[in-house]
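Notes follow once the structure below has been shown.
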Amino acid sequence: MSDQPHRSRKPGKPYRRPQKDPVRLLAFEALRAVDERDAYANLVLPPLLRKAREKEGPDKFDARDAALATELVYGTLRRQGTYDAVISACVDRPLREVDPPVLDVLSLGAHQLLGTRIPTHAAVSATVDLARVVLGDGRAKFVNAVLRKVAAHDLDEWIDKVAPPYDDDPEDHLAVVHSHPRWVVSALWDSLGGGRAGIEDLLAADNERPEVTLVARPGRATTEELLREEAAVAGRWSPYAVRLTEGGEPGAIDAVRDGRAGVQDEGSQLVALALANAPLDGSDALWLDGCAGPGGKAALLAALAAGRGAALLASEKQPHRAGLVAKALAGNPGPYQVIAADGTRPPWRPGSFDRVLMDVPCTGLGALRRRPEARWRRRPEDLDGFGPLQRGLLRSALESVRVGGVVGYATCSPHLAETRAVVSDVLKQYPQAELIDARPLLPDVPELGDGPDVQLWPHLHGTDAMYLALIRKTG
């Protein structure tokens, strides 16, 4: 064995082996998966947390460790735009020239310094240790140097330095302050109809950690049963909703594990309830969910249909997602069927259904609280791809419903190009269809606008930004 000293040693300073911190290592692995594989954090994190608990044991990786790892991942992703601007001011090269793994480590460090209460020395030391483990000693020195610059100011001071003044460039100012791409800020602002207070509140709400919301599927579970869970409170608007105010693991709840209840945002529940309660003329025997994956709305609709003696057909184009729908509907007390079919070229006859829901594929800009990485992944040109599909699905829904029946067009995006523009364009081709006022079907929900369609908002309603238009076929 060589007796030469380790290269990284300095005279008089003993070498310290980097500590493998399972929490920060897990957070780094999750960010790499999001970046390299276009994965979603909400799908990547649970298996990583299980693996860490099994490897480290409950004594070395407990609930607090899991909570910290989750905060590091989601907090870093939500504030990525702000942290990029800060880090850019602390390095001597464009960020695109910084290796992505190095940038992930820097972002994790920036979040600990600027977005948590972790002491400065601990945040820098732990992140540099992580860098030494996953990047090597050389790049760890770079990380150390950059983070010490980041630590020189708090978040408000950094925003004053890196964000342009609001009066000079309102959209770019808000993009940096609230960590959203500029085009998303612009689109959301248009959807809100102007005003600084509203857009600031919305962007801030997108960066808050959402509560876990459960749905008690009618005829199978009750809210009273779910309210017996720890830190559970009633939903704000849906009679079937229960919120877990301290997070928790929904899979540990008997009703969720049995499929009698599920995890479902309250906005999603309201869309299904509004369609189910819309007034009809004539029969009410057969309902369609034409874009049913992954199955949350379909499961609620099927349970509501069963209570009235109606049946649900749940259709989903992707076979693997159709499998998720079948799993969500398993055990429903009434008749239902799940098929894999293209909603724009349906296998059923025209005019077959009394109620039709088309919750169409979209940019997902209404769920940025839950999928913060989506804001960085989407591009304005994505709208060009979704638009024809959304119009085709709405046309198909109007063909599929009988005269006197009702179609619900829904998106988890408030972008006007995916909501009112689609409905307006399609209705121009269908003079035998009319919008009906959806607002009375969401009783007690405030600030629903001028109608007849409905746009829900995180900052006003505590839900995802779901859009719903209800359309009656008149001829």
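Specify which of the listed residues (287, 348) is aromatic (Phe, Trp, Tyr), surrounded by 16 or more Cβ atoms within 10 Å (Cβ to Cβ) and not in a loop (DSSP other than H, G, I, E, B). Within the list 287, 348, the selection yields 287. Just one of (1) touching a Cys at 6+ places or on another chain (Cβ under 9 Å); (2) open to solvent by 20 Å² or more (accessible area, probe 1.4 Å); (3) among the hydrophobic types (A, V, I, L, M, F, W, C); (4) in contact (Cβ under 8 Å) with a residue 60 or more places away in the chain fails for residue 358. It is (2). Within segment 225-236, the only residue that satisfies the criterion of being closer than 27 Å to residue 447 by Cα and surrounded by 20 or more Cβ atoms within 10 Å (Cβ to Cβ) is 235. Contact annotation: residue pairs with Cβ atoms under 8 Å, 6 or more positions apart or on different chains, pairing a residue in segment 38-57 that is under 16 Å from residue 21 (Cα atoms) with a partner that is in a loop (DSSP other than H, G, I, E, B), are 52/61; 53/61; 55/61. Within segment 195-219, if we keep just the residues that are of a type in the set (Lys, Arg) and open to solvent by 40 Å² or more (accessible area, probe 1.4 Å), the residue that is farthest from residue 464 (Cα to Cα) turns out to be 196.
Listed by position, the strands (runs of 3 or more DSSP E) enclosed by segment 375-475 that each have at least 1 residues that are modelled with pLDDT of 95 or more and open to solvent by less than 10 Å² (accessible area, probe 1.4 Å) are 401-411, 467-473. Among the numbered criteria (1) modelled with pLDDT of 95 or more; (2) within 21 Å of residue 297 (Cβ to Cβ); (3) open to solvent by 30 Å² or more (accessible area, probe 1.4 Å); (4) in contact with a Lys or Arg (Cβ under 6 Å, 6 or more places away or on another chain), which single criterion is violated by residue 222? If we test residue 222 against (1) modelled with pLDDT of 95 or more; (2) within 21 Å of residue 297 (Cβ to Cβ); (3) open to solvent by 30 Å² or more (accessible area, probe 1.4 Å); (4) in contact with a Lys or Arg (Cβ under 6 Å, 6 or more places away or on another chain), just (4) comes out false.
Summed over segment 256-284, residues that are open to solvent by less than 20 Å² (accessible area, probe 1.4 Å), within 15 Å of residue 443 (Cα to Cα) and in a loop (DSSP other than H, G, I, E, B) total 1. Here the condition is being over 25 Å from residue 367 (Cα atoms) and assigned to a helix (DSSP H, G or I); of 184, 146, it holds for 146 alone. Of the residues making up segment 304-317, those that are in contact with a helix residue (DSSP H, G or I) (Cβ under 9 Å, 6 or more places away or on another chain) and of a type outside the set (D, E, K, R) are 304, 305, 310, 311, 312, 314, 315. Filtering segment 158-175 to residues that are under 18 Å from residue 380 (Cα atoms) and open to solvent by 20 Å² or more (accessible area, probe 1.4 Å) leaves 171, 172.
The rows are residues; the columns are (1) of a type in the set (D, E, K, R); (2) over 30 Å from residue 197 (Cα atoms); (3) assigned to a helix (DSSP H, G or I).
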{"residue": "126", "(1), (2), (3)": "no, yes, yes"}
{"residue": "133", "(1), (2), (3)": "no, yes, yes"}
{"residue": "142", "(1), (2), (3)": "no, yes, yes"}
{"residue": "153", "(1), (2), (3)": "no, no, no"}
{"residue": "158", "(1), (2), (3)": "no, no, yes"}
{"residue": "168", "(1), (2), (3)": "yes, no, no"}
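Just wondering, is there one or more residues in segment 13-25 that are under 27 Å from residue 155 (Cβ atoms), in contact with a helix residue (DSSP H, G or I) (Cβ under 6 Å, 6 or more places away or on another chain) and open to solvent by less than 20 Å² (accessible area, probe 1.4 Å)? Yes, some residue in segment 13-25 is under 27 Å from residue 155 (Cβ atoms), in contact with a helix residue (DSSP H, G or I) (Cβ under 6 Å, 6 or more places away or on another chain) and open to solvent by less than 20 Å² (accessible area, probe 1.4 Å).
Being in contact with an Asp or Glu (Cβ under 6 Å, 6 or more places away or on another chain) and surrounded by 24 or more Cβ atoms within 10 Å (Cβ to Cβ) holds for only one residue in 328, 314, 299, 305, and it is 314. Only one entry in 300, 313 is in a helix (DSSP H, G or I) and either in contact (Cβ under 8 Å) with a residue 40 or more places away in the chain or under 19 Å from residue 399 (Cα atoms) (or both), namely 300. For segment 86-106, a residue qualifies if it is assigned to a loop (DSSP other than H, G, I, E, B), open to solvent by less than 60 Å² (accessible area, probe 1.4 Å) and in contact (Cβ under 8 Å) with a residue 12 or more places away in the chain, and the qualifying residues are 90, 91.
For segment 118-139, indicate whether the set of residues that are open to solvent by less than 10 Å² (accessible area, probe 1.4 Å), farther than 24 Å from residue 38 by Cβ, in contact with a Pro (Cβ under 9 Å, 6 or more places away or on another chain) and modelled with pLDDT of 95 or more is non-empty. Yes, segment 118-139 contains a residue that is open to solvent by less than 10 Å² (accessible area, probe 1.4 Å), farther than 24 Å from residue 38 by Cβ, in contact with a Pro (Cβ under 9 Å, 6 or more places away or on another chain) and modelled with pLDDT of 95 or more.
The values are calculated or read from the model by the stated rules, or taken from the named source; none is laboratory data. All of these numbers come straight from a predicted model, not from anything done at the bench. No Cβ is skipped: glycine too gets one built from the backbone with ideal geometry, and neighbour counts run over all protein chains shown. Ligands, DNA and RNA are stripped out before the accessible areas are found, and what is left, the full protein with its side chains, is counted by its heavy atoms. Shrake-Rupley method; radii C 1.70, N 1.55, O 1.52, S 1.80 Å.
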